[in-house]
Amino acid sequence: SVLIATHNRKSIENALAYMDQMGISCEDERVHFAQIMGLCDNLGHALGDAGYNAHKLVLFGTFEEVFPWLLRRLDENQDTLGATLSEAGLLRTELVRRVLHPF
């Protein structure tokens, strides 16, 4: 089994292309994707909506316990902050859509 734990869009696209090339179904129980909740949620939701095994890591603990760990993850994944900022436009668009057309 493999767990692809990334917030990088290109890495996810490469994994999906490889799965397709190898004939691995999106529902294959041997392949899972994971991300930290709150970072690039649009990617994780899209994977889940498409039928892939997608998971979110829920941070738990006090601020003093969690914040240093989260800072290390952000430092390791420099593109995560940029990806999260780019998500702001998607969130704004969805908010407007829901307010103007709630049903």
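Per-structure values
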read-out: In segment 54-70, the residues that are more than 15 Å from Ala5 (Cβ to Cβ) and either open to solvent by 80 Å² or more (accessible area, probe 1.4 Å) or part of a strand (DSSP E or B) (or both); value: Phe60, Phe63, Glu64, Glu65, Phe67
read-out: Given (1) surrounded by 14 or more Cβ atoms within 10 Å (Cβ to Cβ); (2) under 14 Å from Thr6 (Cβ atoms), index of the condition Asp28 fails; value: (2)
read-out: Counted residues, segment 9-25 - those being touching a helix residue (DSSP H, G or I) at 6+ places or on another chain (Cβ under 7 Å) and surrounded by fewer than 16 Cβ atoms within 10 Å (Cβ to Cβ); value: 1
read-out: Candidates Leu81, Leu95, Leu43 - the one that is loosely packed, with under 12 Cβ neighbours inside 10 Å and either touching an Asp or Glu at 6+ places or on another chain (Cβ under 9 Å) or at pLDDT below 90 (or both); value: Leu95
read-out: Test: Gly51 is at pLDDT 70 or above and open to solvent by less than 80 Å² (accessible area, probe 1.4 Å); value: yes
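The values are calculated or read from the model by the stated rules, or taken from the named source; none is laboratory data. Fair warning: this is a prediction, and the values are worked out from it, not measured in the lab. We place every Cβ from the backbone using ideal geometry, glycine too, and count neighbours over all the protein chains shown. All accessible areas refer to the heavy atoms of the entire protein, side chains included, with ligands and DNA or RNA removed. Shrake-Rupley method; radii C 1.70, N 1.55, O 1.52, S 1.80 Å.
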